[in-house]
1. Quick one: count up the residues across segment 73-91 that are within 12 Å of the ligand (Cβ to nearest atom), farther than 16 Å from ALA35 by Cα and in contact with a strand residue (DSSP E or B) (Cβ under 8 Å, 6 or more places away or on another chain).
2. Of the conditions (1) within 14 Å of the chain's Cα centre (by Cα); (2) within 12 Å of the ligand (Cβ to nearest atom); (3) polar (S, T, N, Q), ASN32 satisfies every one except a single condition; which number is it?
3. Examine segment 177-200 for a residue that is touching a Pro at 6+ places or on another chain (Cβ under 9 Å) and in contact (Cβ under 8 Å) with a residue 40 or more places away in the chain, and state whether such a residue exists.
4. In the list VAL147, VAL133, which residue meets the criterion of being without any contact (Cβ under 8 Å) to a residue 40 or more places away in the chain, outside any helix (DSSP H, G or I), away from the ligand (no atom under 11 Å from the Cβ) and within 16 Å of the chain's Cα centre (by Cα)?
5. Name every residue in segment 106-129 that is farther than 25 Å from ILE22 by Cα, in contact (Cβ under 8 Å) with a residue 40 or more places away in the chain and in contact with a helix residue (DSSP H, G or I) (Cβ under 7 Å, 6 or more places away or on another chain), in order of residue number.
6. Within segment 163-212, how many residues turn out to be among the small types (Gly, Ala, Ser) and under 25 Å from ALA226 (Cα atoms)?
Amino acid sequence: MGDHKRTFTDVKNVILSAHEEIGPRDKVSFYNKWAEQYEEDVALLEYRAPGLATECIASHFQGDKGSAKVLDVACGTGLVSLKLKDRGFQCFSGVDGSDAMLELSRRTGLYQDLWQCLLGLEPLPVQPDTYDVIVIVGALSVGHLPVSVIEELWFATKPGGYICMTTRANADNLQYKADLELLLEEMTRDRRLSRVSVTEVQDWERAVEDHETGYVPGVVYLYRKALAKHN
Ligand SMILES: C[S@@+](CC[C@H](N)C(=O)[O-])C[C@H]1O[C@@H](n2cnc3c(N)ncnc32)[C@H](O)[C@@H]1O
């Protein structure tokens, strides 16, 4: 993807090259190719989701952050765990489908465990009731993971633990966002989850679609797994 100084136009072209309709294997190979440029490009995109999710978790988490077990799902290069570390969390495990992204995560030295897993096609490779915090940033959107992955995150969360999720709220992702919210409402109604906070942010990241300008909105969701088990 070139070694000249990157511009926002380069970033737009890369992101638009990953068509929404591509399947999980093609999506992960897209990330394999993008990995080395990813952090430089998301800085140009003014991608705020890792920081926003971190602030949400850090402000609501009750307990000892240093010993809390955190699972960073679709961890990419490690941006979310890096921010959580700055807020006092220390025990990280990560999962991602892309070998190249995982290799960059590995180099951060942040993670005790890192697993390669093609979510949506393969089960989340962790034990039930294990994590105090599960965070998934930048991977719940049309063309990325199916909303059904939330069920797997729920199983892996300790009773009373937190699940933090983000999604975009721009036009192309509205159906996905509605499906995600419907599932969260169902799980809340079934008393498997309780809602802690839902925060809409207008300037989530810079718009890349031709029909959009400025910034697109997004949402940070924080839910808590019920203390009583309903497995
Ligand atoms: C936009 S990046 C977000 C990375 C990181 N969470 C962040 O906020 O910087 C999306 C990540 O999801 C991963 N991903 C996409 N589809 C996946 C799948 N089916 N299974 C596992 N990981 C997937 C990609 O490899 C990529 O690392």
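1. Start the filter on segment 73-91 by keeping residues that are within 12 Å of the ligand (Cβ to nearest atom), which leaves 73-84.
Subsequent filtering for residues that are farther than 16 Å from ALA35 by Cα retains 73, 81-84.
Next cut, in contact with a strand residue (DSSP E or B) (Cβ under 8 Å, 6 or more places away or on another chain) only: 73, 81, 84.
Final tally of qualifying residues: 3.
2. For ASN32, the failing item is (1).
3. no
4. That would be VAL147, the only listed residue that is without any contact (Cβ under 8 Å) to a residue 40 or more places away in the chain, outside any helix (DSSP H, G or I), away from the ligand (no atom under 11 Å from the Cβ) and within 16 Å of the chain's Cα centre (by Cα).
5. Within segment 106-129, VAL126, PRO128 meet the criteria.
6. 3
Where a number appears in this text, it was derived from the coordinates with a stated rule and is not lab data. It should be emphasised that the depicted structure is a prediction, and the values quoted were computed from it without experimental measurement. Every residue, glycine as well, gets a Cβ built from its backbone with ideal geometry; the counts of neighbours run over all protein chains shown.
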